[in-house]
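Working notes, beginning with the structure itself.
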Amino acid sequence: MRKKLLSLGLLSAAILAFVGCSSKPGTGDKAENTAPTYTIEELSTIATTAAATEAEKEEVYGEGSIIKGGDFEDGTGSWTSYKNGGSVEMAVNDDKELQVDIASIGSVEHGVQIYYDGFAIRQGGVYEVSFDIHGTLERPVDWRIQVNGGDYHAYVMDTVTLSKEVQHVSAQFTMEEETDPAPRFCFNMGLVDSLAEQGVTELPEHSIMIDNVSLIVVDATNMIKDPDPVPVPLVKVNQEGYTTAGEKRAVFSDLDEQDNKYMIVDTTNDQVVFTGAMSEVTINVATKEHMSYADFSALQTPGTYIVRTIGNAESHPFTISDDVYADTFANVVKMLYLQRCGTELSADLAGDFAHPVCHNTEAVIFGTNTKIDVSGGWHDAGDYGRYVVSGAKTVADMLLSYERNPEAY
């Protein structure tokens, strides 16, 4: 019982991270559904307007380029600056170029980095990347399209030496590796290798201007097609399941107007055990779906069920049980062990996540020569980075789970 309570506490901490964004102040733990309601005609008008807006965006950006807003006519868009020991400011100048003002380059190649995320490159495709670039200082800059995580290796990269004259850079490459749905296109403007090899450790303040960034497919003959999308049911339920006495809700997406009633069906015998009507249809602007809801909390009989509408749309199977979160508890607690930092994880307990002692040297406080012990905590995710935000978030989740359910401890 203590494990179940702890599991629920940890799970609630994760859920609160999402609920907190939409709950009204002062409504307590239970957020109200305050979304506006619309008639079907109004929903159709909204959807048509959204589609027209998307078409206008495509016309503005032009055809072909996977990278959007590379002409910087509408501002920096999705371009972002990153610094690791360097100092950088980024804005669009009067010539509608992306201007990067660098006060310090740091001590690594990505000490100053400008990057763009939010695109994909597919195996077998032949691509052409191009851009215009110039600067107030003659210096090398590395550009690359890379894996956005792990070892951050490049699919394609090169170095360009800047001058005050605008250079047009263009290169073609074939994506030899598996399709990457989320790579990164970046310019490394820190202490790149070609500077370090010359014994350069710092540069005076300078500016770099970039414009007309483009990435296009020039040959799709051998490009691997995307796999067929995994079908998503129109009826969504909590696939972790529900406790017998807990709240139980289902969400319906884009059903026909007449498909407005549902039933809960026992999967062992296909018998209907509960029926009800959906809420009024609302629109979810973020997902562009017409949505309605059902509350079947009154169903408290343990078992395995599906939600089926009168139009035969079905959910994935789900379970109602008092120990439905037992596996979640085990996974959450084991995750905290497998991500542990600063200590050895043995193969017999950690399997593929085993590693020797790590991050056990003192760290320098930024801007000083003072060193302190910062050992402990957890790694960020699948790699071995360790960061203040993710470490603090983990502690916050555990403290919140205790605050909500101290008996579990």
Original post:
Take the residues of the range 325-349 that are touching a Lys or Arg at 6+ places or on another chain (Cβ under 9 Å) and aliphatic (A, V, I, L, M): which is farthest from T244 (Cα to Cα)?
Top reply: V333
Subject >> Residue list for the range 190-199, filter: open to solvent by 40 Å² or more (accessible area, probe 1.4 Å) and not in a helix (DSSP H, G or I) >> reply: E197, Q198, G199
**OP:** Could you list, in sequence order, all residues of the range 376-389 that are in a loop (DSSP other than H, G, I, E, B) and open to solvent by 60 Å² or more (accessible area, probe 1.4 Å)?
**Re:** D380, G382, Y384, R386, Y387
Subject >> Residue within the range 364-372 that is of a type in the set (F, W, Y), within 29 Å of G150 (Cβ to Cβ) and surrounded by fewer than 11 Cβ atoms within 10 Å (Cβ to Cβ) present >> reply: yes
**OP:** Go through the residues of the range 162-169 one by one and say whether even a single one is among the charged types (D, E, K, R) and either open to solvent by 40 Å² or more (accessible area, probe 1.4 Å) or part of a loop (DSSP other than H, G, I, E, B) (or both).
**Re:** yes
**OP:** Any residue in the range 282-299 that's farther than 20 Å from K248 by Cβ: show its pairings with residues that are among the polar types (S, T, N, Q) at Cβ separation under 6 Å, as long as the two are six or more apart or on different chains.
**Re:** E289/S253
**OP:** State whether the residues of the range 352-374 include one that is in a helix (DSSP H, G or I) and either of a type outside the set (V, I, T) or at pLDDT 90 or above (or both).
**Re:** yes
Original post:
What residue, among those in the range 118-163 that are out of contact with any Ser or Thr (no Cβ under 7 Å at 6 or more places or on another chain) and among the acidic types (D, E), is farthest from K96 (Cα to Cα)?
Top reply: D151
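Among strands (runs of 3 or more DSSP E) lying entirely in the range 279-341, which contain 2 or more residues that are at pLDDT 95 or above and over 22 Å from D259 (Cβ atoms)?
303-309, 318-320
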Original post:
So which pairs qualify, if the first residue must be in the range 120-141 and without any contact (Cβ under 8 Å) to a residue 40 or more places away in the chain, the second must be assigned to a loop (DSSP other than H, G, I, E, B) and hydroxyl-bearing (S, T, Y), the Cβ gap must be under 6 Å, and the two must be at least 6 apart or on different chains?
Top reply: E138/S163
Subject >> Selected residue (only one of A392, A350, A354 is open to solvent by less than 60 Å² (accessible area, probe 1.4 Å), free of Cβ contacts under 8 Å to residues at least 40 places away in the same chain, at negative phi and touching a strand residue (DSSP E or B) at 6+ places or on another chain (Cβ under 8 Å)) >> reply: A354
Subject >> Where a residue in the range 228-255 is assigned to a loop (DSSP other than H, G, I, E, B) and its partner, wherever it lies, is open to solvent by 100 Å² or more (accessible area, probe 1.4 Å) and modelled with pLDDT under 95, with Cβ under 7 Å and at least six apart >> reply: none
**OP:** Residue by residue through the range 260-278, note down the ones that are crowded, with 17+ Cβ neighbours inside 10 Å and assigned to a loop (DSSP other than H, G, I, E, B).
**Re:** N260, M278
**OP:** Kindly list the number of the only condition in (1) in a strand (DSSP E or B); (2) surrounded by fewer than 16 Cβ atoms within 10 Å (Cβ to Cβ); (3) of a type in the set (F, W, Y) that fails for W143.
**Re:** (2)
**OP:** Determine whether V213 is open to solvent by less than 60 Å² (accessible area, probe 1.4 Å), out of contact with any Leu (no Cβ under 7 Å at 6 or more places or on another chain) and either more than 30 Å from T76 (Cβ to Cβ) or part of a loop (DSSP other than H, G, I, E, B) (or both).
**Re:** no
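The values are calculated or read from the model by the stated rules, or taken from the named source; none is laboratory data. Please read all numbers here as calculations on a predicted model, not as lab measurements. A quick note on method: Cβ atoms are made from the backbone with ideal geometry, for glycine too, and the neighbour counts reach across all protein chains shown. Note: areas computed on protein heavy atoms with side chains; ligands, DNA, RNA excluded. Shrake-Rupley method; radii C 1.70, N 1.55, O 1.52, S 1.80 Å.
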